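**Q** Below you will find the structure I want to go over with you.
The values are calculated or read from the model by the stated rules, or taken from the named source; none is laboratory data. Not measured: the values here are computed from a predicted model. Cβ coordinates were reconstructed from backbone atoms using ideal geometry, including for glycine residues, and neighbour counts include every protein chain displayed. Keep in mind that these areas ignore ligands, DNA and RNA; they rest on the heavy atoms of the full protein, side chains included. Shrake-Rupley method; radii C 1.70, N 1.55, O 1.52, S 1.80 Å.
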Amino acid sequence: MSEEQINLFDLSAVAPAALTEPPPPQFDPATIPTDGRVPIPQGTYDSLASLAAHCGQCQRCGLAAGRTQVVVSRGAPKAAIAIIGEGPGQSEDEQGIPFVGKSGQLLEKILASVRLDMDRDVHVCNVVRCRPPGNRAPTPEEIAACRPYLMEQIRLVDPKIILLTGATAVKGVTGRKEGITKIRGQWMEWEGRLCMPIFHPAYLLRNASREKGSPKWLMWQDIQAVRAKFDELQGA
Ligand code: URA
């Protein structure tokens, strides 16, 4: 009998390649631009996994120092609809997943009301991937430092529709500075994609009324318009 017996408990010796986990992409920290003004060119990442691995080591702005976890994405890796928020809050920072706190739970309900599942049908991310201290809005410098990741994420996910939750997301993605109350519910084209500004769910949590014309009522109009556009684009 051969001395070289297969160890039946060492599955790596026999497992087909597809069943083994791919090793996480390795980055030499020296190659990561630590200055937020250094560009990261389009096409740098071949997958959300490599983008997330890079984000996990990112020091491009001051938010890196305060993070528990970097918060990159939730939901489908390829999706017809992307939803972009402002930045992680405390729950997101702890769990490393966008929109898992109270705002996220409300967003989940809003999507479910038009038969969209937040983990299956849409892709969710933020303009910044680390929690701003005290839940303040991210600064223009922080947004600019994180923007290459956002642009790469949009390229990889390739959504036809982008929902921008709140004025910070609208400004962070399109550069438009109008108040959210004025532009919510309006389709706008940005880089060949259809974008709709919507209220941030945190704003809806502060406004309980469901009366006609209230923020919650307006959100209900907007999400139905999104569902109709989604169906139209799918040819349903
Ligand atoms: N608010 C956001 O804008 N993003 C999150 O991920 C959570 C709350």
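**Q** Report, by residue number, each residue of segment 82-92 that is crowded, with 22+ Cβ neighbours inside 10 Å and either farther than 20 Å from Ala167 by Cβ or within 11 Å of the ligand (Cβ to nearest atom) (or both). Quick ask: steps written out before the conclusion?
**A** Narrowing segment 82-92 to residues crowded, with 22+ Cβ neighbours inside 10 Å: 82-89, 92.
If the condition is that a residue be crowded, with 22+ Cβ neighbours inside 10 Å and either farther than 20 Å from Ala167 by Cβ or within 11 Å of the ligand (Cβ to nearest atom) (or both), then Ile83, Ile84, Gly85, Glu86, Gly87, Pro88, Gly89, Glu92 are the ones that fit.
**Q** Further, regarding this structure: Can you tell me which residues in segment 176-188 are assigned to a loop (DSSP other than H, G, I, E, B) and loosely packed, with under 12 Cβ neighbours inside 10 Å? First the steps, then the outcome.
**A** Pass one, segment 176-188, residues assigned to a loop (DSSP other than H, G, I, E, B): 176-179, 184-187.
Answer for segment 176-188, where residues must be assigned to a loop (DSSP other than H, G, I, E, B) and loosely packed, with under 12 Cβ neighbours inside 10 Å: Lys177, Gly179.
**Q** Right, another one. Among the numbered conditions (1) open to solvent by less than 70 Å² (accessible area, probe 1.4 Å); (2) out of contact with any Leu (no Cβ under 8 Å at 6 or more places or on another chain); (3) farther than 19 Å from Tyr45 by Cβ, tell me where Leu150 comes up short.
**A** (3)
**Q** For Gln69, are the conditions met, namely being at pLDDT 75 or above and open to solvent by 40 Å² or more (accessible area, probe 1.4 Å)? Don't jump to the end; show me each part of the working.
**A** Numbers: at pLDDT 75 or above: yes; open to solvent by 40 Å² or more (accessible area, probe 1.4 Å): yes.
Yes; evaluated as a whole, the condition is true for this residue.
**Q** So the check is Cβ under 6 Å with 6+ separation or different chains; which pairs have a first residue in segment 85-113 that's more than 16 Å from Asn135 (Cα to Cα) and a second one that's near the ligand (Cβ under 9 Å from one of its atoms) and assigned to a helix (DSSP H, G or I)?
**A** Filtered contacts from segment 85-113: Leu106/Pro201; Leu107/Pro201.
**Q** So Cys195 clears everything in (1) in a loop (DSSP other than H, G, I, E, B); (2) within 26 Å of Thr139 (Cβ to Cβ) except one condition, right? Which one?
**A** Against the list (1) in a loop (DSSP other than H, G, I, E, B); (2) within 26 Å of Thr139 (Cβ to Cβ), Cys195 comes up short only on (1).
**Q** Further question: Looking at segment 163-175, is at least one residue more than 16 Å from the ligand (Cβ to nearest atom), open to solvent by less than 10 Å² (accessible area, probe 1.4 Å), more than 24 Å from Ala64 (Cβ to Cβ) and modelled with pLDDT of 95 or more?
**A** No: zero hits.
**Q** Continuing with the same structure: Determine if segment 149-159 includes at least one residue that is away from the ligand (no atom under 13 Å from the Cβ), assigned to a helix (DSSP H, G or I) and of a type in the set (Phe, Trp, Tyr).
**A** yes
**Q** Which ranges mark the helices (runs of 4 or more DSSP H) fully within segment 31-133 that have 1 or more residues being closer than 18 Å to Ile198 by Cβ? Full working, then the answer.
**A** Numbers: elements: 48-56, 90-95, 102-112.
Hits in segment 31-133: 102-112.
**Q** Take the residues in segment 189-236 that are farther than 20 Å from Ile161 by Cβ and open to solvent by 70 Å² or more (accessible area, probe 1.4 Å), then tell me which one is nearest to the chain's Cα centre (by Cα).
**A** The selected residue is Tyr203.
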